[in-house]
Every structure is written in structure tokens, then in C-alpha cells.
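Working notes, beginning with the structure itself.
The values are calculated or read from the model by the stated rules, or taken from the named source; none is laboratory data. Computed from a predicted structure; not experimentally measured. All Cβ positions, glycine included, derive from the backbone under ideal geometry; neighbour counts span all protein chains shown. Protein only, heavy atoms only, side chains kept; ligands, DNA and RNA dropped before computing areas. Shrake-Rupley method; radii C 1.70, N 1.55, O 1.52, S 1.80 Å.
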Amino acid sequence: MTKKDTAAADAPEAAAGEPLLKVTGLVKHFPINKGLLRRQVAAVKAVDGIDFDVRRGETLGVVGESGCGKSTMGRLITRLLEPTGGTVEFEGRDITHLGVAGMRPLRRDVQMIFQDPYGSLNPRHTVGTIVSAPFRLQGVEPEGGLKAEVQRLLSLVGLNPEHYNRYPHEFSGGQRQRIGIARALALKPKLVVADEPVSALDVSIQAQVVNLLDDLQEELGLTYVIIAHDLSVIRHVSDRIAVMYLGKIVELTDRTSLYESPMHPYTKALLSAVPVPDPRRRGAKSGRILLKGDVPSPISPPSGCRFHTRCWKATQICTVKEPPLASPVAGHQVACHHPENAPDQAPGDPALPGAADALAAVTP
Amino acid sequence: MLVYLIRRLFNVAATLLVVSVVTFGIFFAVPKITGSDPALMYAGRETNETALAGIRVKMGFDKPISEQYLTFVKGIFVGRDYDGGTETTHCEAPCFGYSFKTEAPVWETMVDRMPVTLSLALGAAVIWVLAGVATGVVSALKRRTAVDRTVMVGALAGVSLPIFFTGMVAPAIFVYSLGWLDVSNYKPLTEDPGAWLNSLILPWITLAFLFAATYARITRATMLEVLGEDYIRTARAKGLKEGVVIRKHALRSTLTPIVTMFGLDLGGLLGGAVLTETTFNFQGLGTAAVAAIGQGDLPVIMGVTLLAALFVVMANLIVDLLYAVIDPRVRLT
Amino acid sequence: MTENPTAGSGGSAATTAGPAFVPEQAGPRSGAFLSVRDLKVHFPTDDGLVKSVDGLSFELERGKTLGIVGESGSGKSVTSLAIMGLHRTGNARSRPHISGEVVLDGEDLVKADADHVRTLRGRKMAMVFQDPLSAMHPYYTVGKQIVEAYLTHHDTDKKAARKRAVEMLDRVGIPEPHRRVDAYPHEFSGGMRQRAMIAMALVNNPELLIADEPTTALDVTVQAQILDLIRDLQREFGSAVIMITHDLGVVAEMADDILVMYGGRCVERGTAEKVFYEPRHPYTWGLLGSMPRIDREQTERLIPVKGSPPSLINIPSGCAFNPRCPYADVPEGGITRTRRPELTEDGSGHWSACHMAQEERTRIWTEEIAPKL
């Protein structure tokens, strides 16, 4: 397969046109109410000011640990949630605050695939009903009739079209995820946002679904935003990748740059934490970084750079000034004062006492 | 925690306020709209216009509804005066007015009847919780055995049979066939504890049977669910004896929903165990309420309704507090 | 069982009268510390007999780690519960039929008295579960749960047990253990909870530790911390570890030996090196081909195993993998569909169960599979 090559070939053309989706300063705070009068005393800053574009035909991977805001971000750009601030533009049109009615035509173009292939399908509906629901909701009569179209979709995602009348429980986990994909693709969307599409599946099934998503993208010219915590899956499926930490994008670049020469210390730590399926590399894990402690609470994230409490490179400036998402190297965005594999943005700044202790272990 | 308690007590007050307004509205305002006259209900049929006019003034029926309501509320907290023209009757707080029929102060009637309802409800509650939880646990542990099936059939019967039926069958068995007990009316505990117990055993059994059945079913289902939890497996993996696993780990979790149910059931029962009281001919709050409704005795209806509402909301509050004690994950904020 | 050096004067041997265990003495019947032979765990259900584990054998030495890999329903978790004797607890009606041998330190746990096995649980063998939030009782403090584990097997007072709990929490890297000992599980983060779970499992210095997907519910940076911790503790205590996981990265990092399970049976077993570099079973090839790589850029598609895992009620006849195997027709006479392949050893401790000739499999792996990975 040559997905990467096609993506590269398409790149100039895509760059020329406007992005399919443009996100600017996106914010989502969930209020916390407390006290006698239930006043808002704080907020979970799930997504706290992020900017990115999604280009036509590409796969943007979004990766991060639990609580980094990646799922909230997915729900914001599909407008399942209302943003607290910032804008979301789809094909140049501001959809940030569209109401239910305003979003309805857009629901054809933007679809979502969920993690849980069990919870997201109504157990009382047949597969036919589930997959044809988008047509009924949008009042669209597909060419050749509803049933034929649903059967076409089922075979498109590798299911037996004869199983039109079966119920979700009669299918395995992988097949159920295929049903979810068929439903998402029913109206020929332009953008598909998949939130952990394979993480509930077994390894062998996971690979089937990953390949299916690949094939469908090529066949139907889809644009994907794939949200996942599994860095191996993200590496395999994405053209570009955004790394999120505590509601912020800390790094955004193409996959080769990200995995070969990560700039943000967090990305570096994240990558080196993934167990490599190669027993020969066990003894020689060069530059292995083991972070201490846990991710801080998104209710009161650290000042300045949010990663400074766990960063071994942190200096004084990191505690007070939030690093902007900049491009020290063309095409490679990173929000860090002291990036790896790039010139230091704040040289000579005094190191933060105890920063070196942020690491439990570094194998040189 | 304190903030939570204050807010909840505020809610309790608000709920009672709404209940009182609605009840007052229904029982005092509706007759006015439909043309029937509370004064007439007070006086009875054989009366004349002059007497009615006197009653209206004395009871305040001539005033606007809102003012009547305020006087009523004031009566509960500080007492009120009834201006009978020639003489003024003072009604001490808490004043719920006087019964239309017996002229007895409503508050005293309620205080008088409360021990009956309390004895009935609390006694039955103790029995049904112990019996229900115990059978439920045994049934869960002996799942799919003859014991389990027998217990569950019994429980199904308990849930399905109406209380007036068990109320008739129980005496037939225990009194007339076996001769273990005899039927008697309620005797106050303070006068003769033996007679009190004797008068209550049958009603307790009847009432407890109904509830114990429900509790057994819920306990069994919850227990089975809890036994499948990961932390039970962990407890066993630690090498704990099965008895310890059941008592310390499984039972405690099982009790959480039981506590909730218990609070609500008890609150409801205290508000008036109408059927049981009627079945056994006890003069409790429930029978008082039924009689009052039949006779259009508005002040009694008002009083009993408010008292019942108080029981229910307080039971709810206590359940919520208890919940936080049992389950440390529940934070009361 | 080694005497716990930190338990204080009160902490001595188990409370029950099981046979005494002499430290470091190998079992009389086998050299291996843990030896599982022809283990079968069958659950009777209304739909039929679920053969979760159907003839599993392996050995494990002290100080070594065995990684058991398989997909959901392959029987890997059931195996661990069977070793622990946990299938013999609870309601009698839902217990499975267990046969075969689980010989731990010379003693067959399948035949042993259930109450005796209970006294070994948590003391000689302990377990760490996947989701530490659901695996700890929500109503009791972490300290209390660790104390309970200690007191069950030690005749000592609560104070000594609490001291031991604080010590263990400190050992597994929980900051401020004196304070945290009184916290409830929900007040811990996921990683801290799993550390506490490990502290609870290790409080009695078990000689066998079974970790069932210990990091699956955790974030990757936390996973790295936990794996590191398990490795350290194993080195320190010299326990044998069984690591059950679906993640090939985790086994590659942790395991000395790897056992690949499919449909309740072992299809391949050998050193980590052998299983990753010279896998002998088509299912292992499938797993390796299904796995997206973190360590290199793939431009090729993944090579998944077709179809879905088998129903354990109706395991395919012959080789359980035959309906999904691309090479099912290579051996002649349809033997893959009629006869169950034996698990055979090649002389170097590498076992596999496949009807294809070993030379043929080596050829397929080196010529057809490996170049595409």
C-alpha cells in the first residue's frame, strides 16, 4: 500500500486549497459547582486553547494520555459538545455555535466512530435499521433503494450483506465496529472522526479494522481524525500527528519527524515508554526516559508550560511563560522553550531546582 | 459536609412548603371554586345562615385563601387565635387547627395516634430487614439449589399477595389453626408491654412478609452481582476464608441499595400504614387520614399529609447521609 | 517460603497447619518450581461445555518470567485463576471441572484440599489484576486491605501489620506512605492504585506472582513505571512471575519465556528470542503481522489474521486454528481439520503445535512472512 506516497503527492494540492477543518483557539471548560449556592468554583480545563488544521484527504492522529482532552476535542469538532471558546470552521464555514438545526446538514459531512462497539449500537435494532438510520434522519432516499444501499455498505466494510436482519449481539466485537463504520459512512461524509476506534478490539481484529479504515480512505477519499492512546496504532495510521498534554497541543508534525526526531520532551518520554515488541532491544534501551508521578489535574494545571512539573529540562522561564506552538523547524510545530532536536528557544535560562529528579530513570 | 447538611435542610423546608401550599390549595381552595362551602362541611347539614357566618369568621373562611394559608402556617409555628365572636379560643403552637368533626386539636390527635403507627412500622421494619436480608444472602449463596428456589417462590408470593389477604390468612393460621397467638387491638407499650407485643406480632408478620419478600429478592440479586465483582476475586486471591469474604467484603456492598430502599419504605410507612392499620383495625395515622378524607375533615387531612411528607423527606435525608457513611466515594458537597 | 525480614517479631509462618515449606527446596517430582501438566478447565453452561482451557502444559523456574499471550477468550486468564485455585471458591454450581496437574513447589494444587490451597493463596502465590480500581474494595482504605492480606497469613497484631503495609507502600513507590495508607482506592490515581495492588500482592513475599494484564488499564508512561517496578521487585524477591497480556510489546520487554495460547491450548512456547525471531506457529505469525510497530515506519498494510477467535463451546475440530490459518491446506489429507496437532519440542526448548513439517514452517517464516513485517 502506498498511502504515504499518495498523501505526499496530494500535499501540494491540499496545501493550496483551504483546509477541510480549521480549529482556532478551541476551549472547553466543564464547570464544577460547589457550596451552598452551587456557584461555579472551578472548571475542568479539558481543552484549553488549541489550534490545528485538518487537510483534505489526510489522516490526523491525535495522541495523548487519559485526561489530556483528546476525546473532548473530538466531540467539539463534531459539535457533539458546544465549545466554551474559539472557533471551528468546516470548509470555511464557522460551525462553532450552530444549533441542532444548523448542524443537521453538516451531520452528513462529519461523522464519528466510537470506541465501544457494544455501547454505541442499539441492541434492539437490526443491523439494517442501524446502518440505514442516517438516511432516515436526513430524509435521504439513496439510489436503488434503502435496503440495497445498506447491503452495499455492509459489504463495503466486509460484512455479509445477508446479515441485514441480524441484531448487534449476534456479531463479534470486530464486526460490531464494522457496523459502526458502515453507519458512519452511510451518507458519504467528508470528515470522519474516530475516537479510539480499535482500542477495545483484539490484536488480530484490530489489524483488520485498521486495514479497513485504510482501504475506505483510499476508496472514498475520506479525511480522518483518529484519536487514540496507542502510539503504535497512531504511527501506523496517521500522516500527521498532534500530541496533547493537559488540554494543549504540545507537538504537531508529520509522523516521520514525530517518531524519528521528537522535539517536545513529553513526546520523547511518551515514545520511549512504549514497550517495543523486540526482545533483543530489552537490554539496550538507549535514551529510555521514565517519567515520575502522574499527570496533574486539569482543574488547576501548572503555570507556564504545563509539563514543567514533570520535565527534566525545565528552567525558570517554563514556570512562568507558556511556550507558544511554534515551528523551530519548518513543518514541525512544538510548544517548548527547550525542544529536543532543535535550537533552544530560551538558552542560558537557569535550570529549575529538582528538574533533573523528574526522571525516575534514564538509560544512557 | 455541614454546607451539604444546611442545603439539604433548606431543601426539606422548601419541599414541605410546596407540599403544604399544594395540599392547602387542594383542600381549601377547590371547595370554594366548586361552590361547596368549608363552613358547611364544618357545621354539618343541620345549620342556619347565622351559624355559618359565625363559623366563617371564626375559622377565617371569609378571608382570602392566601391569608388563610399564612394564618395556618403561623399557627404551626406560633399558635393562632380563633375569634368565636363572644369568646376567643387560643390554639397553642404547633397548631394544626381543630377537627371539623370531633373539635379535638389535630396536633393532639396526631400525637395520640403516632405511637400506633410507629410501633407498627418500626417493629415490622426490624423484622423485614433481618429476615429479608438473611434469606436473600442464603439464597444467593445457595444459588440454583432447592433452598434458593423455595425461598424465591416464597418471596414471589410475598410480593404478589395483597396485604389484606395475608392479613386474613395469617390470623387464620397462627390464631385459629395453631393457636399460638390471639387477635387483639392495639395496646400501648407504656401500659402493658406484653399486651403491646401480643397485639402487634400478627400485624408485624403481615407487614414484614410483604417487605421481606422484596428485600430478599433485592438482596439476592445485589449479592450475586457483588459476588461477581473484581474485588471479591481479589479478596479470595488474598487467601481470605470464604466466610470473611462474604461478611466483610460482599455483604457490606450488598447493603448499600438496601439502605436506600429501607429509608424510603420506612418513610412511606410512617406516613401512614393505611392498609395494615385498616386490616387490623388499629387507630393509627393511616386510619385517621382515611376517616378524615371520608368526612371532609380538612384540618386533619392537612395535618396528616404534612406529617407524612415530613417523614418521607427526613427519611430521604437520612438515607443520603447514611450512604456517605457506608460508601466513602460518596462525597456530600 | 522465605522468612519475611521486615515483619517484626510477630510475623512468622502461616496460621494454618499446612505442610511446612522448606525455603529454596525444589519439589520432589519435578525440577521446575511451577509445573502445569495437561490442565483442563471446563465450564458447564446451558449452551454446552465451555472448554476455556483444554490441555495446557508448561513449567516455570524461580526468578523467571513467563509471558502468556493470547486474545480474549484464549484461556489465559482462566489459566491464572485455575493455578490460584480461585475456580474452587464461590458457588458450587458455577464451578468448572478442573483436571490435570498444577504442581507448585512439589505439591499438586488440583488434588490438594481446597482450604489448604486457600492458605497458599496470597502467601505462596499472589495475583495482580488488570483494573486496580475495580479490584480493590471501594469501601475500605488501601491500608486496611493490605493489612487484611498480611494478617490472614501472619499471626501478629494490627499494629505490626500496619507497619508492614506502610513499608510495602513505600517500597512500591507511593509518596507519603504514612498518610496514604489511610486513603481509599478512589483517592489514588490509576498508577498509584496499581502500585498499591502490587504492594498488597507482595506483602507476604509470595514465591509466585501472577500479573493478569497489570498495565492494560494504565497510560503508557504509567505502564512503563509499573513494568519497571515489577521487574525490580522480581529481582529483589526472586519470585517466579507469570505475566498475562495481549500486548506483545509488554512480553518482549518482560518475559524470559513466552507461551502463546489459542482456543484454550498452547500453540507455541519458547524463549522470547525464539518466539519473536523464529516463530513456528501460523497464529504467532498472525499476531506479529497484526501488530503496528512503534519502532519502525511501516508503509505496508498490516497482515491480520482473518476471521474471529473460535467459540469455546464449539472449538473447531482438528487444529483449533484451522479455519483462520492460511496454510490449513498445506498438510495433506485434510489432517488439520481432523486431528489435533501435538505440542512438540524441537530439542532446544521450543515447542509448537502444527501439522506442517518444521522445515516447511521455517521456510514459510523466513521467506514469506518475516520480510513483510
- Task: Per residue of C:282-294, count partner chain C-beta atoms within 10 Å of its C-beta, then hand back the mean as an integer.
- Result: 5
- Task: Would you work out the charge dipole size for the stretch A:86-228 about its Cα centre, treating the Cβ of every Lys and Arg as +1 and the Cβ of every Asp and Glu as -1, and quote it to the nearest 20 debye?
- Result: 540 debye
- Query: Counting only pairs 8 or more places apart or on different chains, how many lysine pairs in chain B have C-alpha atoms closer than 28 Å?
  - Reply: 14
- Message: Within chain B, which whole H helices from DSSP have a Cα span along their axis of at least 20 Å and a mean Kyte-Doolittle hydropathy of -0.5 or more, if any?
- Response: B:2-24, B:106-141, B:146-160, B:193-227, B:251-270, B:298-326
- Share of chain B's accessible area from carbon and sulfur, percent, 1.4 Å? 67 percent
- Please work out whether the stretch A:137-233 counts as rounded, prolate or oblate from its C-alpha gyration tensor, where a ≥ b ≥ c are the square roots of the eigenvalues and a/c under 1.5 means rounded, while otherwise a/b larger than b/c means prolate and anything else oblate? oblate
- The size of the Cβ-based charge dipole (Lys, Arg +1; Asp, Glu -1) of the stretch A:168-273 about the Cα centre, to the nearest 20 debye, is 280 debye
- Message: Within 10 Å of each Cβ in C:213-226, how many Cβ atoms from other chains are there, averaged over the peptide?
- Response: 5
- Query: Which of the residues in the stretch C:177-198 show a loss of at least 30 Å² in accessible area from their chain by itself to the complete set of protein chains, at a probe of 1.4 Å?
  - Reply: C:His186
- Using the heavy atoms of the protein chains alone and a 1.4 angstrom probe, what is the accessible area of the stretch B:253-321 per residue in square angstrom? 33 Å²
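Assuming R0 = 60 Å, what is the FRET efficiency of A:Asp116 and B:His90, from their Cβ-Cβ distance, to the nearest 0.05?
The formula returns an efficiency of 0.30 here.
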- Zone of A:Arg281's modelled label, taken as backbone nitrogen in the stretch C:196-232 under 15 Å from a point 7 Å along Cα→Cβ: C:224
- What percentage of the solvent-accessible surface of chain A, computed with a 1.4 Å probe over protein heavy atoms, is contributed by carbon and sulfur atoms? 52 percent
- Task: Counting only DSSP beta bridges with both residues in the protein assembly as shown, tell me the antiparallel percent, nearest 5.
- Result: 65 percent
- Message: If I model a spin label as a point 7 Å beyond the Cα along the Cα-Cβ vector, how far apart are those points for B:Glu103 and A:Ala326 in nm?
- Response: 9.5 nm
- Query: So which trypsin sites (Lys or Arg not before Pro) in the stretch C:98-139 pass both tests, a DSSP loop state and at most 12 other Cβ atoms within 10 Å of the Cβ?
  - Reply: C:Lys111
- Task: Determine the gain in length on full extension of the stretch C:Ser72-C:His116; use 0.36 nm per residue of separation and subtract their C-alpha separation, reporting nm with one decimal.
- Result: 12.8 nm
- Using 20 Å as the cut-off for backbone N distance, which residues of the stretch C:80-120 belong to the label zone defined by a point 7 Å from the Cα of B:Arg144 along Cα→Cβ? C:81-82, C:85-99
- Note on the structure: For the A:Ser261, A:Ser66 Cβ pair and Förster radius 25 Å, calculated FRET efficiency rounded to 0.05 is 0.40
- Query: Which of the lysines could a cross-linker bridge to A:Lys248, judged by Cα under 18 Å and excluding same-chain residues fewer than eight apart?
  - Reply: A:Lys22, A:Lys28, A:Lys45, A:Lys70, A:Lys268, A:Lys321
- In nanometres, what is the gap between the two model label sites at A:Asp357 and C:Arg231, each 7 Å from Cα along Cα-to-Cβ? 2.4 nm
- Listed residues A:Glu141, A:Glu58, A:Glu196, most fluctuating in chain A (Gaussian network, C-alpha, under 10 Å): A:Glu141
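Note the buried accessible area between C and A here, summed over both chains, with a 1.4 Å probe, in Å² to the nearest 100.
Its buried surface, counting both partners, is about 4200 Å².
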- Item | chain C: angle of helix C:190-202 to the longest principal axis, Cα-based, in degrees nearest 10 | 80 degrees
- Note on the structure: Projecting the Cα atoms of B:Val19, B:Leu266, B:Phe280 onto the charge dipole of chain B, where Lys and Arg contribute +1 and Asp and Glu -1 at Cβ, the residue farthest towards the positive end is B:Leu266
- Residue separation times 0.36 nm, minus the C-alpha to C-alpha distance between B:Ile173 and B:Asn11: what's the value? 53.7 nm
- Query: B plus C alone minus the pair: what accessible area, both sides summed, probe 1.4 Å, in Å² to 100?
  - Reply: 2700 Å²
- Query: Using a probe of 1.4 angstrom, how much of the accessible area of the stretch C:167-275 is carbon and sulfur, in percent?
  - Reply: 46 percent
- From DSSP H assignment alone, runs of 4+ in chain B each adding -39500 (n - 2.57), the sum over residues rounded to the nearest 500 puts [θ] at 222 nm at -23000 deg cm²/dmol
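What whole-number value in Å² describes the accessible area per residue of the stretch A:237-331 for a 1.4 Å probe?
In whole numbers, the stretch A:237-331 has 35 Å² accessible per residue.
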- Message: Could you tell me the center-to-center distance, by alpha carbons, between the stretch A:112-183 and the stretch B:62-114 in angstrom?
- Response: 68 Å
- Note on the structure: Projecting the Cα atoms of B:Met302, C:Ser308, B:Thr109 onto the charge dipole of the protein assembly as shown, where Lys and Arg contribute +1 and Asp and Glu -1 at Cβ, the residue farthest towards the positive end is B:Thr109
- Task: Treat every Asp and Glu Cβ in the protein assembly as shown as -1 and every Lys and Arg Cβ as +1, leave all other atoms uncharged, and give the resulting dipole magnitude about the Cα centre to the nearest 20 debye.
- Result: 700 debye
- Query: With each pseudo-label sitting 7 Å past Cα toward Cβ, what's the C:Ala370-B:Thr190 distance in nm, one decimal?
  - Reply: 9.6 nm
- Task: Have a look at C:Leu151, C:Leu66, C:Leu49 and tell me which one the Gaussian network model of chain C (Cα, springs below 10 Å) gives the largest fluctuation.
- Result: C:Leu49
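Whenever you get a sec, line up C:Trp351, B:Trp128 from highest to lowest accessible area (probe 1.4 Å, protein heavy atoms).
C:Trp351, B:Trp128
Can you compute the FRET efficiency between A:Arg152 and C:Glu359 using 1/(1 + (r/R0)^6), with r the Cβ-Cβ distance and R0 = 60 Å? Round to the nearest 0.05.
0.85
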- Which shape class applies to the protein assembly as shown: rounded if a/c is under 1.5, otherwise prolate when a/b exceeds b/c and oblate if not, where a ≥ b ≥ c are the square roots of the Cα gyration tensor eigenvalues? prolate
- Message: To make sure I understand the rule: partners must be aspartates and glutamates, Cα under 17 Å from the Cα of C:Lys40, and not fewer than 8 residues away in the same chain. Which ones qualify?
- Response: C:Asp54, C:Glu59, C:Glu101, C:Asp108, C:Glu342
- Item | Degrees between helix C:220-237 axis and first principal axis of chain C (Cα, 0 to 90, nearest 10) | 70 degrees
- Note on the stretch B:288-333: residues buried by at least 20 Å² of accessible area once partner chains are added (vs chain on its own, 1.4 Å probe) come out as B:Pro328, B:Arg329, B:Arg331, B:Thr333
- Karplus-derived 3J(HN,Hα) from phi for the stretch C:333-341 (6.51 cos²θ - 1.76 cosθ + 1.60, θ = phi - 60°), whole Hz, x at Gly and Pro, runs x, x, 5, 5, 9, 10, 10, 6, x
- Query: Reachable lysines from C:Lys158, Cα under 16 Å, same-chain residues fewer than 8 places away excluded?
  - Reply: C:Lys144
- Message: Name the residue from A:Val193, A:Val88, C:Gly90 whose Cα lies farthest towards the positive end of the charge dipole of the protein assembly as shown, charges +1 on Cβ of Lys and Arg and -1 on Cβ of Asp and Glu.
- Response: C:Gly90
- Query: So what is the relative contact order for chain B, in percent, with contacts set as C-alpha pairs under 8 Å and at least six apart?
  - Reply: 21 percent
